[in-house]
1. Sorted from largest down, give the three principal axis spans of the alpha carbons of segment 145-271, whole angstrom values.
2. Taking neighbour counts of Cβ atoms within 10 Å as a proxy for exposure, in what order, fewest first, do 179, 213, 396 appear?
3. Restricting the calculation to Cα positions, tell me the Rg (one decimal) and the Dmax (whole number) of segment 272-394 in Å.
4. For the pairs 388/446; 143/237; 251/481, flag any whose C-alpha to C-alpha distance is greater than 32 Å.
5. How long are the semi-axes of the equivalent ellipsoid of segment 438-502, taking √(5λ) for every eigenvalue λ of the Cα gyration tensor, in whole Å from largest down?
6. Output wanted: per-residue J couplings in Hz (rounded whole) for segment 355-369, from phi through Karplus 6.51 cos²θ - 1.76 cosθ + 1.60, θ = phi - 60°, x for Gly and Pro.
7. How far apart, in nanometres, would the label points at residue 167 and residue 180 be if each is projected 7 angstrom from Cα along the Cα-to-Cβ direction?
8. Considering every Cα-Cα pair within segment 353-395, what fraction, in whole percent, is farther apart than 11 Å?
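Where a number appears in this text, it was derived from the coordinates with a stated rule and is not lab data. Here the structure is a predicted model, which means the values were calculated and not measured. In this analysis, Cβ positions are derived from the backbone assuming ideal geometry, glycine residues included, and neighbour counts consider all displayed protein chains.
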Amino acid sequence: MALAHRLQLRQGQSLVMTPQLQQAIKLLQLSNVELQEYVETEIERNPLLTRAENEGGADAPDAPDKVSEKREEMRLDEADGAAKASSDLDARSDDVYENDSPSEGGDAGSQGGPSAQLDWSKAGSGKQRSEDFDLESITAEEKSLRDHLEDQLQIAGLIDADRLIAARLIEETDEAGFMRGDVHEIANALGVEFEDVEAVLQTCQGFEPTGVMARNIQECLSLQLIERDRFDPVMQKLMENLEVAARRDFKRLAEICGVDQEDVIDMLAELRTLTPRPGAAFAGDAAPAITPDVFVREMPNGTYSVELNADTLPRVLLDRTYYNEVSGLSKTDEEKTFISECQANANWLIKSLDQRARTILKVSSEIVRQQDGFFVSGVRALRPLNLKTVADAVEMHESTVSRVTSNKYVSTPRGVFELKYFFSASIPSVQGGESHSAEAVRHRIKEMIDTENKDAVLSDDQIVERLRAFGIDIARRTVAKYRESLRIPSSVERRRIFAIGA
């Protein structure tokens, strides 16, 4: 068979992920706070981008300096005598990312864009009068566990070598009060004997609060029992079998400790009076505050307004005046290409930011519309909701809705929630009516167990019966799964807890 060359045309479809498309997708996944950091990086990279000045805002004084700095960086050989390009374009034609409020799902915002128009500054401002200011109490509240331990180290009377070991042990102590470092590794790192580190650790374990710098929960509780003079041989056996105590297997514990079950219950009750986290009373690194990306507020007519948090949305513009200036000074093809790319990237970023704002607002508005019962009646009124339902309603792809709701938080009259919280699986109805939200069912299970008493502890089968009385068709294994997801022990374990007076 002879081989021959020939031309053949074929049609096909393929998705090409351009850098601009990748950028737009990335912006959707970012929270507003992360978006600010991203935009700051882009402003540093692109000399044609700058922040839009906020009226009276903190950014206003800095913007001119930023522009002038970039102009110095971009200054193109003015010594040639080349005339500057005309910059007669009206500055008002600058492309500004103003976040103008789209018509879908929200009220028109201010110049800053779709924003919450609530005056949050008047609610719980936390301002103190000068006569109520107490520096001593504030200082005491902010003292960390490490500071407290180091203060005690200063008066512990240790020799210099032991003070060095103690300082290292304190560094290895976490906010809960546990010494997490490995004693052998610390000894090797400091070039001392293992026994020396153990001896210093025992001294440090005598610091306040009692139980601090223990290496595990068993050692922590034992130190507290020793201080109370309650660490007798029977209690020691109990401490050595905490895993059995965790299972509340009173019969097995009684056999191990050589006492009856009533004594075991009394001993466990005593353990519950101890402190499992001795460092918890001291200040530590504060958990990062959640900054909402969207605000939902109730309007006087009973409807709900959905608005973006304009305070955290970056506002950028393309400096056309400066673009005209440097374009006229460009000599080489490389310079012209660079300026052209900067302009294209700036325009694309501005467009992407605007599209991102509109997409988030549109999706959030649809979620609020779908879950309006939650805002009126609470968790019980949550409806089953999935990505496809929202995607179809807003005419977007499911993956887009997924990106929009990832890592985004909404502030509502009922609290701050992640947008994904409002998506919930469907639990069928007994009579074939409207389905129930899995989150709402979990809430009902928790309510039932929270209100039970020691004489009427509910089994999973009894919970199933009660839920079916509410019209919820649910299997026992599903109840068990939801109960475990709520970290609620079984009915047998709850009876044991009631027995020891928990």
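1. Extents along the principal axes, in whole Å: 51, 26, 23.
2. Exposure proxy ranking, most exposed first: 396, 179, 213.
3. For segment 272-394, the Cα-based Rg and Dmax read 24.3, 80 Å.
4. Working: 388/446 29 Å; 143/237 37 Å; 251/481 28 Å.
Correct reply: 143/237.
5. For segment 438-502, the ellipsoid semi-axes come out as 20, 12, 10 Å.
6. So the Karplus estimates, Gly and Pro as x, are 5, 4, 4, 5, 5, 4, 5, 5, 5, 4, 5, 5, 4, 4, 5 Hz.
7. My value for the distance between the label points is 2.2 nm.
8. Numbers: 599 of 903 pairs.
Result for the distance tail: 66 percent.
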